[in-house]
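Only one structure is covered here, and it is reproduced in the block below.
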Amino acid sequence: MPEPVSFTLNGTSITVETSPETPLLWVLRESLGLTGTKYGCGVGSCGACTVHLDGAPIRSCLYPVASVAGKAVVTIEGLAPSDDLHPVQQAWIAESVAQCGYCQSGQIMAAAALLAATPDPSDEQIAEAMSGNLCRCGTYPAVRRAIKLAAGGTGA
Amino acid sequence: MTAFTLSRRTLLGATIAGAFSVGIRFSEPELIREATAAEPVPFGAWITVHPDNTIEIALHKSEMGQGVSTALPMLVAEELDADWDTITVRDAYGRPEYGTFGMQFTFGSMSVSTSWLPLRTAGAAVRAVLLEAAAARWEVPVDTLRTERSMVLHDATGNAATYGELAADAALLPLPAQPALKDPADFTLIGTNVPRRDSVAKSTGTASYGIDVVVPDMLVAVPLRPAAFGAVPESWDESVALAIPGVVAVKPLPAPGAGMDSGLAVIATGFWAASQGRDALAPTVVWTAGTALADDAAITAQLEALLAEPAPLAFEVGNPEAAIQRTKTRVEATYTTPFLAHVTMEPMSAVAHVRADAVEIWTGTQAQGFIFPLVEQLTGLPRTAIVLHQQYLGTGMGRRVETDVVADAINLSSMMQAPVKVIWPREEDLRHDFYRPATAHAITVGLDPSGRPFTWNHRLAGESNITRYAFFSATGPTGDTIDPMMVSGLTDPFRYPVPHRRIESAVASSGVPVGFWRGVGETNNAFVVESMINELAEAAGTDPLQYRLDLLADDPRSVAVLSLARDESGWDTPPPAGIGRGVAFTDFGGSRVATVIEATIVDTAPRILKATVAVDCGLVVNPVIAQQQISGATITGLSAALLEQVVIAEGGVQQRSLAEYPLLRYDQAPEITVVFVPSAEPPTGLGEPATVTAPPALTAALWAVDGLRRRSLPLR
Ligand code: FES
Ligand code: FES
């Protein structure tokens, strides 16, 4: 039965009425109309649904909405703090990462969480952070360049 | 973090306003060419000039990541001298000009090559009438005028007019059929790294895919199809699904096409409720027995049986039977490839709203031309009553050539008398795909005394697409029906000169549905041919790259590509101990691609280190997009070679989730270097060729490490 669940979404406190076991992914996409977060597998294997929960990257398909009560959720729609795009988004555009684009919200959210925690990541740290995000178009080399660009390197 | 900034407002204004998710159809018949100054002026199929001087360009191909929404408008804008910053792009249907071979679709790596002349000609023709209109207005000779950024200029008098100001006059003039086209040396847009028009939308979560569409009062449906192909639901208990809050109905779901599976659908207010309903319903359904072979062992046995007997003749040149007797050195091998799933990143999805007198469809499709007749047939409504709102495709891979999910949406919207979004859960998507055929190949090649292939006898067996798409079938030299795509790259043009060749192809009948997977028949055949060439090089005692150079010496473009791959990969410098290098080559629809892979083996597991891909695809329209395509296709090929296999068990696909169907991940992907041979030749395809060279280059690299020939994929 629907219950109210309150959390912070992209900086704004909200309350949704929904069955509490509904995954956060579907609450975002269907109850709140934020379709930038994607469904790819529903079992935590693809990363298309990646959002930030209190700053950490999580698979929103695996989190019942009740489990985020009182916490802060940030989605791709709320990643940029102002009118300017987030540096990771800018690097993504500068490096022409996206092909079909479907996985890219998840890739960008995973990369932004990595750089927030580790501003100058090693290749191994990038690989660890990004290997949960599948891309059928094979954009991985461009993802690597863009993360390095956003981290202040040359993008090489 | 770096401090460079792009303003969201500027970027959204510049790009998303021109985004392409809104479908507008041309009305039929021919558009009216007369217009007043205050109205947009259409010129033929491709270009509309607006009074504010924005130029609207029709996009007849599907944007599935390959960059057509940037590359195709570039062709028009180049010849038109349009201001790239103020063009808009919209999806277009309903005119014969949008067809390729009579049908509007996006597959086969043909978008740029088939558009190269028509779209440039369209741009040049409109530029010509705009110039004429200005010449008449200013009473000056046409050849004293020039064009720049959507304006006509007369330098001697300082006269200037925008295309928008001239359009109404120009529309009264006949469009020249064969306007002069630019010399490629004069291109200012083509050949440059024009940023993709979809980058911002796809980096901000604002790009709209079929799965994202919301229509007022829309219901959401998920299918439940059988675990075993061909099984039909006999009885079920819908009350368990209806007990889930939000579930509205359970309906029998018709087969979306001949040879496809029927099933049930759970319709709800949202995906989660529908999916919960599906999970509750599934154990209550009694299905009839399936119709496919039981498992991989049975499928393999069928392929082996087909290989053991003479098969329909697809191609023959020379006298291979006699020639083989004359050769002393022979190489014999058997190769097999598995069924592959497409796994488009966006699972199958479509929205339909069927009303008494009109139908609207929102989906990302590769098959615009197939959807209209399908909807006519399902609804009985005329074509003029059907509106398709093309969305971005969350990967195409060949899966979105099929229209099954559109049929589901139409059927369910008709039943529910409401707009319905159909989303296939990933399990349905994996288990009801149209798979890349599994194949088996038996080959004997005889070498001449110099070590060159003298005769090539090749029999293959596998599922065929002509079972569903009869119009693709062809007749072999002795009258048999054959599938040209199944033998593509084996018949003519064959990329290596071999005087005696015999190709037989047997169509298997496993009951597993098959379709078109990025690269189609070549994904199987190039693996086999290129692996064989590597084996022949070994038998001839020649370096495999040099062996290809020797065989292809008559084609300078192939030689140039192989030489570039040799230089860029450092081929002539031996790799460190424990690392192997392998090469493969293709000529795929005119695009020459040579891939060099460096790999090693860590605790029996292959590890891909580096890929170097040299390409001659003619003139490169947009180098960044071309590089993306080659790099991405290489990863797709490596993913298939290393990991991918659909497992058949109990008459259906065993895998139910992406956890059970691994795809290549970030930490498994190599560094990739892509290099292009400079060329002024007309462009050829880019989406598929590098997909087919990666697997044989990888197995060759692993052979260089441990001396084992890997003749069966995947490798894991
Ligand atoms: S949809 Fe959540 S990980 Fe795939
Ligand atoms: S860009 Fe297409 S799946 Fe990643």
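Just so you know, all these numbers are worked out from the coordinates, no wet-lab data involved. Small disclaimer: the values here were computed from a predicted structure and weren't measured. Positions of Cβ are generated from backbone atoms using ideal geometry, with glycine treated the same way; all protein chains shown enter the neighbour counts.
Convex hull volume of the Cα atoms of the range A:3-75, normalised per residue: 70 Å³.
Within the protein assembly as shown, DSSP assigns beta bridges of which about 75% are antiparallel (rounded to the nearest 5).
As a calculated quantity, the FRET efficiency between B:Ala356 and B:His50 at R0 = 41 Å, using C-beta atoms, amounts to about 0.70. The radius of gyration of the Cα set in the range B:173-302, together with its Dmax, comes out at 25.0, 70 angstrom. Once the C-beta distance of B:Arg716 and B:Ala289 is scaled by a Förster radius of 30 Å, the resulting FRET efficiency is 0.40 to the nearest 0.05.
Looking at the square roots a ≥ b ≥ c of the eigenvalues of the Cα gyration tensor of chain B, which shape do they give, rounded for a/c under 1.5, prolate if a/b is larger than b/c, or oblate? Oblate.
Our coupling estimate for the range A:90-107, obtained by passing each phi through the Karplus curve with A = 6.51, B = -1.76, C = 1.60 and θ = phi - 60°, is 5, 5, 4, 6, 4, 8, 6, 6, 5, 10, 5, x, 5, 7, 6, 4, x, 4 Hz, Gly and Pro reported as x.
Note on the range A:87-150: Cα convex hull, mean projected area over all directions, 3.6 nm².
Summed over qualifying helices (DSSP H, 4 residues or more, each -39500 (n - 2.57)) and divided by its residue number, chain B shows a 222 nm mean residue ellipticity of -9000 deg cm²/dmol. With bins 5 Å wide beginning at 0, the percent of Cα pairs of the range B:81-199 falling in each bin runs 2, 9, 16, 21, 19, 16, 9, 5, 2, 1, 0. Counting every pair of alpha carbons in the protein assembly as shown, the share spaced more than 50 Å apart comes to 19 percent.
Enter the mean number of other protein chain beta carbons within 10 Å of the beta carbon of each residue in A:106-119, as an integer. Could the numbers behind the result be given before it?
Numbers: counts 2, 2, 4, 1, 1, 0, 1, 0, 0, 1, 1, 0, 0, 1.
Whole-number average of other-chain Cβ neighbours for A:106-119 is 1.
Partner shielding of A:39-52 amounts to 5, given as the average count of beta-carbon atoms from other chains within 10 Å of each residue beta-carbon. Among B:519-530, B:182-193, the peptide with the highest mean count of other Cβ atoms within 10 Å heads the list, and the full ranking is B:519-530, B:182-193. If you look at the Cα atoms of the range B:276-355, you get an Rg and a Dmax of 23.4, 72 Å. Measuring between alpha carbons in the structure, the pairs from A:Lys148/B:Lys61; A:Lys38/A:Lys71; A:Lys38/B:Lys421 lying more than 25 angstrom apart are A:Lys148/B:Lys61.
Shielding value for A:85-97 is 6, the average number of Cβ atoms from other chains within 10 Å of each residue's Cβ.
Applying the Karplus relation 6.51 cos²θ - 1.76 cosθ + 1.60 with θ = phi - 60° to the range B:228-241 yields 3J(HN,Hα) values of 9, 4, x, 6, 10, x, 9, 8, 6, 10, 6, 4, 5, 6 Hz, where x marks Gly and Pro. When each of the peptides B:317-325, A:103-111, B:70-78 is scored by how many other beta carbons lie within 10 Å of its residues on average, the order from highest to lowest is A:103-111, B:70-78, B:317-325. In the range B:579-716, the inverse of the mean reciprocal separation of distinct Cα atoms equals 15.6 Å; this is its Kirkwood hydrodynamic radius.
Annotation for A:Ala117 and B:Ser239: the two label points, set 7 Å from Cα along the Cα-Cβ direction, are 4.9 nm apart. Think of the range B:323-384 as a dipole: +1 on every Lys or Arg Cβ, -1 on every Asp or Glu Cβ, centred on the Cα centre; then among B:Thr337, B:Gln325, B:Gly380, B:Gln325 lies furthest on the positive end.
For every other residue with a beta carbon closer than 9 angstrom to the beta carbon of B:Phe434, add +1 if it is Lys or Arg and -1 if Asp or Glu, then tell me the sum.
My count for the surroundings of B:Phe434 gives 0.
When each of the peptides A:45-54, B:539-548 is scored by how many other beta carbons lie within 10 Å of its residues on average, the order from highest to lowest is A:45-54, B:539-548.
Of B:Glu148, B:Glu598, B:Glu346, the sequence from fewest to most neighbouring Cβ atoms within 10 angstrom is B:Glu148, B:Glu598, B:Glu346. Applying 1/(1 + (r/R0)^6) with R0 = 45 Å to the Cβ-Cβ distance of B:Thr384 and B:Ser509, what FRET efficiency is obtained, to the nearest 0.05? After rounding, the FRET efficiency stands at 0.65.
Evaluated over the Cα positions of the range B:334-424, the convex hull gives a direction-averaged projected area, one quarter of its surface, of 6.7 nm². The value for chain A of Rg(Cα) / (2.2 N^0.38 Å) is 1.02.
When the chain is fully extended, how far beyond the present Cα-Cα distance does B:Ala180 get from B:Arg656, taking 0.36 nm per residue of separation?
Going from the current span to full extension adds 165.7 nm.
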